[in-house]
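Working notes, structure below.
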Amino acid sequence: MAHDPRQESKTRLVVEGGRRLTGRVDVEGNKNAALPLLAACLLTDEPCELTNVPRIRDVAVMGELLRGLGASVTGLGTTTVRVECRRITHDEPDARLVGQLRGSVLLVGPLLGRLGRARLAPPGGDFPGRRTFSVHRQALGAMGAREASGAGHALEAPDGLRAASVYLTEASVTGTETAILAAAAADGTSEVRHAACEPHVVELCEFLGRMGLAIEGAGTPTVRVTGGAPRAGVRHRLRGDYIEAGSWAVAAVLTGGEVEVAGASGADLEPVVSVLRRMEVQCEVDGDHLRVHASKPRGIRQITTAPWPGFPSDMVSLVTVLATHAEGRTLIHDWMYELRLFALEQLSGMGADLFLCDPHRIIVTGPRPLQGRNLDTRDLRSGMALIAAALAARGESRVGPLETVERGYADLVARLRALGAQVSVEADP
């Protein structure tokens, strides 16, 4: 049964630490690809079908947003989702749902293309203050959108979007996706420079190419899109989520376990696996299988995030927890998002040796045994990292709200149990 994102339950995960994770886990489609692909379905009035869709809360929210605009959406809560946007009747996505999902911003370009107007409440999700609307507004403005009256972000393009040459002020992933989606709705050829190069941006370009659009430069800093109608319906299987795969790998190492993670391509995993190997984690990649063996990790001088193909910021929280079990000292530098490191200060209460240099840098000295305690999941990725810490700790931990982590990890409790973890769920008082 599909999850109703309007029902805001609060639970927490009770973890009895010290159990080795062993076995196999299969990852589903990339969360960061699913959201822009669902938004792209607005560009055509023909049916689209997505398979290997992650069964997560963020996808459920995006599906409900599309329904509220007039789309037919079936299959939410399963790995096959069908979307038909024959009649789009509203230009303002549900404000309550928008407040739960940063990816809701991806609806604006297609709405401007379909209706000539879009009104969006301030998007929610992780780090809403850091992730501003400025890059999106810049790209949309270059393509003919202008400010309209109304609360939040209100834009209109009564004469339709027009092709343009756009240099993005930062290589924002969602900003790049907004620019590409808007270019797909505009007649003529647009050029997006300083574009993000992440695999999910490439996947969006492949999806639009199957709609019949001409796209050049996907995966490079310069993407050219020849937009316009007609645009055909698409059947597409999502690529496996390499961040989820990396998360399971780190959890296995922290518990002294051995896990096979299937479903994410070796090419997508390379930036993550490279850092794990530098930390002397014993692992191997064979096609879309990542095998992690019992390891004694070592600290390394520095781990720094970078745009693709650098080490992804979404893995910073997990590798910080891994460093608490590594021999020696590791400096971790995430120049993008400071709040992830602040959330990890909770590890000090578990016995970790941490020194927070500033909002973007933390020094971890290990190995230090961790002790279970109550933990607060302040964002998706640090929440999963704290669950991994709880799995490795002695004694019992309570981690919540669990719903924060379920935004990006499907069927989390059942899969933890299948790997040997002793976990249960209780109401969050």
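Answer yes if at least one residue in the stretch 229-236 is within 29 Å of residue 82 (Cα to Cα), of a type in the set (Gly, Ala, Ser), surrounded by fewer than 22 Cβ atoms within 10 Å (Cβ to Cβ) and within 24 Å of the chain's Cα centre (by Cα), and no otherwise. Please lay out each step first, then the result.
Applying the first criterion (within 29 Å of residue 82 (Cα to Cα)) to the stretch 229-236 yields 229-236.
Restricting the remaining residues to those that are of a type in the set (Gly, Ala, Ser) gives 229, 232-233.
This time we only want the ones that are surrounded by fewer than 22 Cβ atoms within 10 Å (Cβ to Cβ), so: 229, 232-233.
From what's left, within 24 Å of the chain's Cα centre (by Cα): none.
Looking for residues that are within 29 Å of residue 82 (Cα to Cα), of a type in the set (Gly, Ala, Ser), surrounded by fewer than 22 Cβ atoms within 10 Å (Cβ to Cβ) and within 24 Å of the chain's Cα centre (by Cα), one finds none in the stretch 229-236, hence no.
Which one is nearest to residue 218 (Cα to Cα) among residues in the stretch 309-332 that are surrounded by fewer than 17 Cβ atoms within 10 Å (Cβ to Cβ) and over 20 Å from the mean Cα position of the chain (by Cα)? Filtering the stretch 309-332 for residues that are surrounded by fewer than 17 Cβ atoms within 10 Å (Cβ to Cβ) and over 20 Å from the mean Cα position of the chain (by Cα), the one nearest to residue 218 (Cα to Cα) comes out as 329.
Kindly provide the set of residues from the stretch 290-309 that are assigned to a loop (DSSP other than H, G, I, E, B) and of a type in the set (Ser, Thr, Tyr), ordered by number. Reasoning before the result, please.
To start, the set of residues in the stretch 290-309 that are assigned to a loop (DSSP other than H, G, I, E, B) comprises 293-297, 299-301, 306-309.
If the condition is that a residue be assigned to a loop (DSSP other than H, G, I, E, B) and of a type in the set (Ser, Thr, Tyr), then 295 is the only one that fits.
Counting only helices (runs of 4 or more DSSP H) that fall entirely inside the stretch 310-429 and contain at least 3 residues that are under 23 Å from residue 9 (Cβ atoms) and modelled with pLDDT of 95 or more, the qualifying elements are 380-392, 402-406, 412-418. Residues of the stretch 258-308 that are open to solvent by 50 Å² or more (accessible area, probe 1.4 Å) and of a type in the set (Val, Ile, Thr): 285, 304.
Annotation note: of 165, 149, the sole residue that is modelled with pLDDT of 95 or more and of a type in the set (Ser, Thr, Tyr) is 165.
For residues that are more than 18 Å from residue 32 (Cβ to Cβ) and assigned to a helix (DSSP H, G or I), scanning just the stretch 143-190, find the one that is most open to solvent (accessible area, probe 1.4 Å). First the steps, then the outcome.
Kept after step one, since they are more than 18 Å from residue 32 (Cβ to Cβ), are these residues of the stretch 143-190: 143-167, 169, 182-190.
So of that shortlist, the ones also assigned to a helix (DSSP H, G or I) come out as 182-185.
Working: 182: 0, 183: 0, 184: 0, 185: 20 Å².
Across the stretch 143-190, the extreme among qualifying residues is 185.
Restricting 10, 31 to residues that are crowded, with 24+ Cβ neighbours inside 10 Å and closer than 22 Å to residue 377 by Cβ narrows the list to 31. Residue count for the stretch 191-216, restricted to those that are open to solvent by 10 Å² or more (accessible area, probe 1.4 Å), free of Cβ contacts under 8 Å to residues at least 40 places away in the same chain and of a type outside the set (Val, Ile, Thr): 10. With respect to residue 377, determine if the residue is touching a residue at least 60 places away in the same chain (Cβ under 8 Å) and open to solvent by less than 50 Å² (accessible area, probe 1.4 Å). Spelling it out, it is not the case that residue 377 is touching a residue at least 60 places away in the same chain (Cβ under 8 Å) and open to solvent by less than 50 Å² (accessible area, probe 1.4 Å). Checking each residue in the stretch 46-56 for being within 11 Å of residue 83 (Cβ to Cβ), open to solvent by 10 Å² or more (accessible area, probe 1.4 Å) and out of contact with any Gly (no Cβ under 6 Å at 6 or more places or on another chain) picks out only 49.
Here the stretch 256-291 is the region considered, the condition is being more than 23 Å from the chain's Cα centre (by Cα) and of a type in the set (A, V, I, L, M), and the residue that is farthest from residue 28 (Cα to Cα) is 279. Residues satisfying the criterion are present in the stretch 237-256 (criterion: farther than 28 Å from residue 365 by Cα, open to solvent by 20 Å² or more (accessible area, probe 1.4 Å) and of a type in the set (Lys, Arg)).
Residue pairs whose Cβ atoms lie under 8 Å apart, separated by 6 or more positions or on different chains, with the first residue in the stretch 332-358 and within 21 Å of residue 398 (Cα to Cα) and the second acidic (Asp, Glu) and part of a strand (DSSP E or B), are 343/376; 346/376.
Condition first: part of a loop (DSSP other than H, G, I, E, B) and either touching a residue at least 40 places away in the same chain (Cβ under 8 Å) or open to solvent by less than 20 Å² (accessible area, probe 1.4 Å) (or both). Now tell me which residues in the stretch 99-111 satisfy that. Steps first, please.
Pass one, the stretch 99-111, residues part of a loop (DSSP other than H, G, I, E, B): 99-101.
Scanning the stretch 99-111 gives 100, 101.
Taken over the stretch 264-289, the criterion of being in a strand (DSSP E or B) and in contact with a strand residue (DSSP E or B) (Cβ under 6 Å, 6 or more places away or on another chain) is satisfied by 283, 284, 289. Can you say whether residue 114 is under 19 Å from residue 181 (Cα atoms), out of contact with any strand residue (DSSP E or B) (no Cβ under 9 Å at 6 or more places or on another chain), open to solvent by 30 Å² or more (accessible area, probe 1.4 Å) and in a helix (DSSP H, G or I), as far as the supplied structure shows? When the stated conditions are applied, residue 114 passes them.
The values are calculated or read from the model by the stated rules, or taken from the named source; none is laboratory data. Everything numeric in this text was worked out from a predicted model, so none of it was measured. Every residue, glycine among them, receives a Cβ derived from its backbone with ideal geometry; neighbour counts consider all protein chains shown. Note: areas computed on protein heavy atoms with side chains; ligands, DNA, RNA excluded. Shrake-Rupley method; radii C 1.70, N 1.55, O 1.52, S 1.80 Å.
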